[in-house]
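The values are calculated or read from the model by the stated rules, or taken from the named source; none is laboratory data. Bear in mind that the values here come from a model prediction, so they are computed numbers and not experimental data. Every residue, glycine as well, gets a Cβ built from its backbone with ideal geometry; the counts of neighbours run over all protein chains shown. Surface accessibility is based on the protein's heavy atoms, side chains included, excluding ligands, DNA and RNA. Shrake-Rupley method; radii C 1.70, N 1.55, O 1.52, S 1.80 Å.
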Amino acid sequence: MLYYDQHVHTYFSFDSDAQFEDYLAQTQHPFVTTEHLEMANPDEHGHDNKPDYHDYVAKLEALHAKYPNQLLRGIEVGYYAPKLDDIYAYLDHNRYDLILLSFHHNGEYDFQDDHFKTVDKKTLVQNYYQTMLAGVRRFDGADVLAHFEYGLRVVSVTPTELAAWARPTIQAIFREVIAKHMALELNTKSMYLWHDAALYDLVIPWYQALGGRLFTLGSDAHVPEAFQMEFAQAKAFLHAHHITQLATYQDHQPTMVEF
Ligand SMILES: [Zn+2]
Ligand SMILES: [Zn+2]
């Protein structure tokens, strides 16, 4: 089996209009979307964005009749501590193959908001990783830690700054990720659109030194044109870190595939 993109959005996500068919036209491989479960979303006036599971499964069943691809179910959980009970209630009722864990907002602003260009960078970085550490410790059931640098996308943090400000916290996050048998995602949108590849370069050896072996690769596509974006470039990057296998998820069980 070949590796396939494991971070993809469709119109079941609040911020995408993409159609399944436009992705499926590009691949014969298993296909999974990871739709946003985003509680108290500041980008949506504090609304809880929850994919309609019944409609999602019905859509996958209809597609199954027309496409040869294995169709898997995925979700991207936006962690927000005050809404943890609601997040668990949603997940308890619905079955997924793959759960990504993300840290997108602080209850007031999404971390991609320009607001964060006006705050002290060091404070932002330290707060972001403290929140992530608390969340990764507390949250159970996720398969993958997605885009570990999401909170830094709109500010430019150098590897030197990140190491100086947050290295022990990020290492503690990775210990928790490893203890929970989660994978670390390499997000090509972060690496090549937001130019954060150097931050991945910095932290991958930290993760490996702690025993981390599980990795996934995702484009974070919100439009069909971004599906598997820069996977060739990412492959060279992974090989430079001696990573030649990636985890793919079915019913939360990882299967390692050559990449
Ligand atoms: Zn995300
Ligand atoms: Zn996403």
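Sorted largest first, the spans of the alpha carbon positions of the range 20-258 along the three principal axes are 53, 42, 33 Å. Panel values: the range 140-201, Kirkwood radius from alpha carbon pairs, Stokes-Einstein at 25 °C and 0.890 mPa s, translational diffusion coefficient 199 µm²/s. Taking 29 Å as the limit for the C-alpha separation, the pairs Lys83/Lys122; Lys83/Lys117; Lys59/Lys117 exceed it in the case of Lys59/Lys117. Taking every full run of DSSP H in the chain, the ones that stretch at least 15 Å from end to end by Cα along their long axis and average -0.5 or higher on the Kyte-Doolittle scale are 53-64, 159-179, 197-209. Considering all C-alpha pairs of the range 1-125, those separated by over 18 Å amount to 56%.
Carbon-plus-sulfur fraction of the accessible area of the chain, 1.4 Å probe, in percent? On the chain, the fraction of accessible area on carbon and sulfur atoms equals 49 percent.
Judged by the mean number of other Cβ atoms found within 10 Å, the most tightly packed of the peptides 54-60, 192-198, 3-9 leads the ranking 3-9, 192-198, 54-60. Accessible area per residue for the chain, computed on protein heavy atoms with a 1.4 Å probe, is 43 Å². Within the range 150-168, what residues put their amide N at less than 17 Å from the label point 7 Å along the Cα-to-Cβ vector of Asp201? Those under the cut-off are 156-164. Figure note: His64, His93, His241 ranked by solvent-accessible area, largest first, 1.4 Å probe, ligands and nucleic acids not counted: His93, His64, His241.
Name the shape class, rounded, prolate or oblate, that the alpha-carbon gyration tensor gives for the range 76-165, where a ≥ b ≥ c are the square roots of its eigenvalues, rounded holds for a/c under 1.5, and otherwise prolate holds if a/b is larger than b/c and oblate otherwise. Note, shape of the range 76-165 comes out prolate. Of all DSSP-defined beta bridges confined to the chain, some 30% are antiparallel rather than parallel. Per-residue SASA remark: Asp17, around 130 Å² accessible (1.4 Å probe; ligands, DNA and RNA not included). Remark on Leu186: its backbone amide H falls under 5 Å from those of Thr216, Leu217, Gly218, a criterion applied only to residues 5 or more positions apart or on other chains, H modelled at 1.01 Å from N.
The 3J(HN,Hα) values that the Karplus relation (6.51, -1.76, 1.60; θ = phi - 60°) gives for the range 14-24 are, in residue order, 4, 10, 9, 10, 5, 9, 3, 4, 6, 7, 5 Hz. Gly and Pro appear as x.
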